[in-house]
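The values are calculated or read from the model by the stated rules, or taken from the named source; none is laboratory data. Keep in mind the model is a prediction, meaning the values are calculated, not measured. Note that each Cβ is placed from the backbone with ideal geometry, even for glycine, and that neighbours are counted across all protein chains shown.
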Amino acid sequence: MQSGRLDEPLRIVVDESSFAFDSVDDSLAEEAIDDFNDALSQLLQAGVPVSKFSLCLDFECRTGVPLYALLYERATGIDIDTLRRCSDLLDRCVDWDQEIDDVVTSCVVAGECVDSWSLGYLVMRSGDCFMACLACSTAGRRGLLSVVAGDASAEVFILVEPSDLVDFWQLVLRRERVASEGFFAIADRAFPQLVFHSELDFRRFHGTYDEVYDWVVEVLAVLNNRMVQSFESRKGVRHLVQSDMASCGVDVSPESSQTHKNKKAIAQRSVEHDGQIYLCEWHAKRLWNTDRIHFTTPGSLPHGRILIGLFVKHLDT
């Protein structure tokens, strides 16, 4: 049975230094802030806590123009609604420095020297969990990057727009051994093409959680990132879809005609979701004789999504 709400760590931080717009015109700055706003809004709406440096509004965006003047005094030609939305969203972020004051602020990011309290904080916290910072794209930093702060360094993820969030959450699952009670809260964000049945339970596998974890994450990533596209491009030809998945390192199969003739076996593969019965006629296998993830054919759910219906040792054939 899936567990309840995840107790979220403060793993995402606003990078105040990315609001440096000295060499950026208003139109590009506005576009970058719009993307920043969209990503921050999506995180907050999902209940993900985002933190910021308490004095981030003092950061000088342009010569003589601190961030608070940009947002509240409309000291530029950037759209007022964009600025108001940004200020409202930042107000909903918590301060990470309430009890921390020994952060190294002189950082190096991908060879570039950057003075940033929040990037230094990210490096400090990287030993606790995989960290990310939310930044404006005009800073030129994006994706998985190495950050050095004093004698310490860490790989962190730079988010600049909503499309980056899926890659980040997938990396969280790959880089951390997320506790079982929080797995599906992260998986919902990491795999938007998948829908997880409410009765999924890792304890129904033969292998332990630690034994199956990497395999489950890999299967879900391939199904989310490749399965729908493969099914469409291969026009549903099953052996071609299987070949595509095998090239990604995942062994998937549709049920055989023999299994389809077995009413008991088909019933075992049928699950109820949102008041409807779905047949999970595809499965991924961990070992030849045990541990299966059963899922529906792409397109069974709206928007081409796949229902992950069963975690099991093995079903009748």
*Condition check for Glu281: under 20 Å from Gln193 (Cβ atoms) and touching a Pro at 6+ places or on another chain (Cβ under 9 Å)*: yes
*Could you tell me whether Ala149 is hydrophobic (A, V, I, L, M, F, W, C) and at positive phi?*
no
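Here is a yes/no grid of residues against (1) farther than 25 Å from Pro302 by Cβ; (2) at pLDDT 95 or above:
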residue: Phe205; (1), (2): yes, yes
residue: Trp215; (1), (2): yes, yes
residue: Glu218; (1), (2): yes, yes
residue: Leu240; (1), (2): no, yes
residue: Asp244; (1), (2): no, yes
residue: Gly249; (1), (2): yes, yes
residue: Pro254; (1), (2): no, no
_Give me the residue from region 124-139 that is at pLDDT below 95 and not charged (D, E, K, R) and, out of that set, surrounded by the fewest Cβ atoms within 10 Å (Cβ to Cβ)._
Gly127
*Can you tell me which residues in region 25-47 are crowded, with 19+ Cβ neighbours inside 10 Å and of a type in the set (A, V, I, L, M, F, W, C)?*
Ala29, Ala32, Ile33, Phe36, Ala39, Leu40, Leu43
*asked:* If I filter region 111-125 for residues that are farther than 25 Å from Val147 by Cβ and either among the basic types (Lys, Arg) or assigned by TED's automatic domain parsing to the domain that holds Leu144 (or both), do I get at least one hit?
replied: no
*Only one of these is over 29 Å from the mean Cα position of the chain (by Cα) and exposed (fewer than 14 other Cβ atoms within 10 Å of the Cβ): Glu60, Glu73. Name it.*
Glu73
*Neighbours by Cβ (under 8 Å, 6+ apart or cross-chain): first from region 216-228, charged (D, E, K, R); second modelled with pLDDT of 95 or more*: Glu218/Gly249; Glu218/Val250; Arg226/Asp244; Arg226/Met245; Arg226/Cys248
*Does any residue of region 42-51 turn out to be more than 13 Å from Cys136 (Cβ to Cβ), polar (S, T, N, Q) and over 20 Å from the mean Cα position of the chain (by Cα)?*
no
*Which is in the same structural domain as Ala29 (by TED's automatic domain parsing), of a type in the set (A, V, I, L, M, F, W, C), in contact (Cβ under 8 Å) with a residue 60 or more places away in the chain and surrounded by 20 or more Cβ atoms within 10 Å (Cβ to Cβ), of Val195, Val160, Val156?*
Val160
*For Leu173, indicate whether it is closer than 26 Å to Val212 by Cβ, of a type outside the set (Gly, Ala, Ser) and in contact (Cβ under 8 Å) with a residue 12 or more places away in the chain.*
yes
*Just one of the numbered conditions (1) of a type outside the set (A, V, I, L, M, F, W, C); (2) out of contact with any Cys (no Cβ under 6 Å at 6 or more places or on another chain); (3) over 30 Å from Lys285 (Cα atoms) is not true of Ser116; which one?*
(2)
*Given (1) touching a residue at least 40 places away in the same chain (Cβ under 8 Å); (2) within 30 Å of Val109 (Cα to Cα), number of the condition Asp201 does not satisfy*: (2)
*asked:* I'd like to check something: does region 239-253 contain any residue that is within 29 Å of Tyr209 (Cα to Cα) and either outside the structural domain of Ser198 (by TED's automatic domain parsing) or part of a strand (DSSP E or B) (or both)?
replied: yes
_Residues within region 252-296 that are acidic (Asp, Glu) and surrounded by fewer than 16 Cβ atoms within 10 Å (Cβ to Cβ), tallied_ = 2
*Within region 202-260, how many residues are touching a Lys or Arg at 6+ places or on another chain (Cβ under 7 Å), among the aromatic types (Phe, Trp, Tyr) and over 16 Å from Val312 (Cα atoms)?*
0
